[in-house]
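Only one structure is covered here, and it is reproduced in the block below.
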Amino acid sequence: MSLTTFAQHLLTGISLGGAYALIAIGYTMVYGILRLINFAHGDIFMMAGYFMIFSMASFPWFISIPVVLAGTVLLGVVIEKAAYKPLRHSPRMSIMISAIGVSYLLQNLSTYLFTALPKSYPEIPFLKVILQFGDISASLVTLITPVLTVVLVFLLMQLINHTKIGMAMRAVSKDTETARLMGIKVDNTISMTFVIGSLLAAVGSILYFTDRMTVYPFSGSLPGLKCFVAAVLGGIGSIPGAVVGGFVIGICETMLVAMGYSTYSDAFTFLLLIVILLVRPTGLFGEKATDKV
Amino acid sequence: MKQKKTRDLVLSLIVCVAVLAVLGWLQANAKAHSYAISIIERSVIYAVVAVAMNMLTGFTGLFSLGQAGFMALGAYTTAILTIPVEVRPSVYYVSGIAPWLENVHLPVYAALIVGGLVAAVFAILVGIPVLRLKSDYLAIATLGFAEIIRALLASPALETVTNGSFGLNNIPKFKNIFEPVVISALCIFIMILLINSSYGRAFKAIREDDIAAESMGINLFKHKELAFVISSFFTGIAGGLLGIYMRSIDTKTFQITLTYNILLIVVLGGIGSITGSIIGSFLINGGQEWLRFFDEPHFIGEYQIPLFRTGFRMVIYSILLMVVVLFWQRGIMGNKEFSWDGLFGLFKKKDKKGGKA
């Protein structure tokens, strides 16, 4: 592999990794607070793809994007209120089964509403501009993705470390009951987590699908699981960890495909997961384990 | 007391004979009832996997999501060993079959057991590292293993064995409806024996509190591994049966959705109830067919009722499942087993309030 092709693939990998990172944040934040693998998160991301198709059909892109963001956030919060909140005091397994049920429902609902055939994703013209750097060419979206990811993560870190709602989130994830006793509105805080997670998933979905061009009802399930792996890799509960994990998985996957091992690229992600769980269950940046694993 | 036992035995025998009679009648009119037969066959096969999953989730407290992977192993092994030698060239028309495998052929029953053993061997290997993990980490790790198995089965390196992404077909079908029903019943019976043995009690102790169980002298790892391996063995056999039932398989058959389906059967039937899993399997497999009503367009006079079209069935189905998960977490049977006393108790609840003699 020459240096140019290597750089080209690396760029693609970083771009994919950026989208993964944005989705992985949603997993890591929800897990940090509810101790729940939100299996439906990948499907929320897929639904955001469909929202974009339909809003682009009637609006220009600068109106569509806010519409998609709002729609996805609404979906995320509704799911939290309807499917997770009633089970807050049930065993952890029931809430996880509920998450699997929601994922199943969203997939079936979208198959029903939009058919199982892949739908083409609308192009936002300026994102598709091809830029040329020497021998390397890349569309604008490939360059924007990692930059946007880093900017959003920076903003999110500010929010979590320096605002009142951020402090509430940290408190709830440390100890829900004590946080409640201190006068923190736990339910609102949890909803806020879902708002942020879904918002980032929507941004991730716009970036991801602009590159992939098609959406179908199951296009969220595998990327969703991969992003969860990314979150575990970085250390569940840690936002910088999820971002690093996302980039690592995105780059590894692209490189494996480039080397001709595309059949193994999914298997590799899960192998990575198992190795991490065995060697360092707290992940790269996780807090020192209490009794999670 | 003794009278009651005789009564239960007689009633159970009557039901068994009645079931066999119905099956015999269906078999005698196989042409007319092929639809019902296929639903029954699928239900009993799913019931085996559901009971095997329940043994892990409900009785040992290990939440594993690797069922599809172990079913794939069983199905591929059984299929490779039972496809008639003379049609193999046409099945493996793309890449050819590996020379060492060319003439290996086993009868169905032997092939099913080999399929189960292959799944069990993988479970031993997978279990050693993975069973150290708990709850959701275990779930996601086993799910990962299932995906890895699927990727390996489809990989070009195994093309001459598994036929890669083309899958396998021409798997010989069941001779009659009794074959899958009897094999499944036998599998479930063995699992019931295991759960009622001292091993089963150890499993339940681990589920309730693993630290307490360990301090009572139960070897945690040994028992978890045992439950995992035996569950995988029967999952593998059920996978083999599913392969025979479907007659052609490829790796897409064994996606995560299959595991989710099994999980929903277990949840609907009640986590920790074997009879619940069996009932759940029949309800879900049958229900999916009965709900077909929603998939067809319906008219009132000239007016076509909206919403009724392909896919609506699955939406209704998943909403029903969500309702069960949210409002009826105990499922049909909770963690109780079916008993004649329980059945009669349903009809005379009022008397019970007075207290038992």
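Quick note: the coordinates plus some simple rules give every number you see, no bench work behind them. This is a predicted model, so every value here is computed, not measured. FYI the Cβ positions are ideal-geometry reconstructions off the backbone, even for glycines, and counts take in every protein chain you see.
For the protein assembly as shown, the Cβ-based charge dipole about the Cα centre amounts to some 2080 debye (Lys, Arg positive; Asp, Glu negative; other atoms uncharged). Each of A:ILE274, A:ASN38, A:MET213 was scored by the projection of its Cα onto the charge dipole of the stretch A:3-279, and the greatest displacement toward the positive side belongs to A:ASN38; charges sit on the C-beta of Lys, Arg, Asp and Glu. Each eigenvalue of the Cα gyration tensor of chain B, multiplied by 5 and square-rooted, gives one semi-axis; in descending order these are 34, 29, 22 Å.
The mean number of partner chain beta-carbon atoms within 10 angstrom of a residue's beta-carbon across peptide A:260-267 is 4. The sum of -39500 (n - 2.57) across all DSSP H runs of n ≥ 4, divided by the residue count of chain B, sets its helix-only mean residue ellipticity at 222 nm to -21500 deg cm²/dmol. Each part reduced to its alpha carbon centroid, the stretch A:34-63 and the stretch B:1-80 end up 41 Å apart.
Would you mind getting me the FRET efficiency between A:ILE165 and A:VAL77? Use the beta-carbon distance for r and R0 = 22 Å, nearest 0.05. Working shown, then result.
Numbers: r = 15 Å, r/R0 = 0.67.
Efficiency computed from Cβ-Cβ geometry: 0.90.
For the stretch A:3-279, divide the Cα radius of gyration by the Kirkwood radius and give the resulting Rg/Rh value with two decimals. Before the final figure, lay out the partial values.
Working: Rg = 18.5 Å, Rh = 19.1 Å.
Dividing the radius of gyration by the Kirkwood radius yields 0.97.
Between B:GLU102 and B:THR310, the FRET efficiency from the beta-carbon distance, with R0 = 51 Å, is close to 0.75.
Which value in Å does the Kirkwood hydrodynamic radius of the protein assembly as shown take, with 1/r averaged over all unlike C-alpha pairs and then inverted? Intermediate results must be reported in sequence, preceding the final value.
Numbers: mean 1/r = 0.0376 Å⁻¹.
Taking every pair of different Cα atoms in the protein assembly as shown, averaging 1/r and inverting gives 26.6 Å.
Each Lys or Arg adds one and each Asp or Glu takes one away; over the other residues whose Cβ falls under 15 Å from the Cβ of B:ALA75, this sums to +3.
For the stretch B:13-267, give the magnitude of the charge dipole about the Cα centre (Cβ charges: +1 Lys/Arg, -1 Asp/Glu; no others), in debye to the nearest 20. Before the final figure, lay out each step's value.
Values: 15 positive and 13 negative charges, 62 e Å.
Its charge dipole is roughly 300 debye.
Taken along the Cα-to-beta-carbon direction at a fixed 7 Å, the label points for B:SER165 and B:LEU346 span 4.9 nm. Taking a point 7 angstrom from the Cα of B:ARG330 along the C-beta vector, which residues in the stretch B:51-73 have backbone N less than 19 Å away? Inside the label zone: B:58-59.
If R0 is 25 Å, what FRET efficiency do you get for A:LEU3 and A:VAL147 from their C-beta distance, rounded to 0.05? Each step should come with its number before you reach the end.
Details: r = 23 Å, r/R0 = 0.92.
Step by step, r from the Cβ atoms, then E = 0.60.
For the stretch B:313-325, putting each phi into the Karplus relation 6.51 cos²θ - 1.76 cosθ + 1.60 with θ = phi - 60° gives couplings of 3, 5, 5, 4, 4, 6, 5, 4, 5, 4, 4, 4, 4 Hz, in residue order, rounded to whole numbers and with x for Gly and Pro.
In the neighborhood of B:LEU131, defined by Cβ-to-Cβ distances under 11 Å, what is the net charge if each Lys or Arg adds +1 and each Asp or Glu adds -1?
Details: positive: B:ARG132, B:LYS134, B:LYS222, B:LYS224; negative: B:GLU225.
Local charge sum for B:LEU131: +3.
Only helices enter the 222 nm calculation for chain A: every DSSP H run of n ≥ 4 contributes -39,500 (n - 2.57), and dividing by all residues gives -24000 deg cm²/dmol, rounded to 500. In chain A, the longest principal axis of the Cα atoms and the axis of helix A:92-114 are about 40 degrees apart.
Mind checking the mean number of beta-carbon atoms from other chains within 10 Å of the Cβ atoms in B:325-335? Don't jump to the answer; show the numbers that get you there.
Values: counts 12, 9, 1, 0, 8, 0, 0, 0, 0, 0, 0.
For peptide B:325-335, the averaged partner shielding equals 3.
The magnitude of the dipole of chain A, with charges of +1 and -1 set on the Cβ of Lys/Arg and Asp/Glu and taken from the Cα centre, is near 680 debye.
Each 5 Å bin from zero up to the one holding the largest Cα-Cα distance in the stretch A:111-207 carries the following percent of pairs: 2, 10, 14, 15, 13, 11, 10, 10, 8, 4, 2, 1, 0. Ordering A:LEU140, A:LEU117, A:HIS89 by Cα displacement along the dipole of the stretch A:51-145 toward the positive end leaves A:HIS89 in first place; charges were set at the Cβ atoms of Lys, Arg (+1) and Asp, Glu (-1). Farthest toward the positive end of the dipole of chain B, out of B:ALA185, B:SER64, B:THR275, is the Cα of B:THR275, where the dipole comes from beta carbon charges about the Cα centre.
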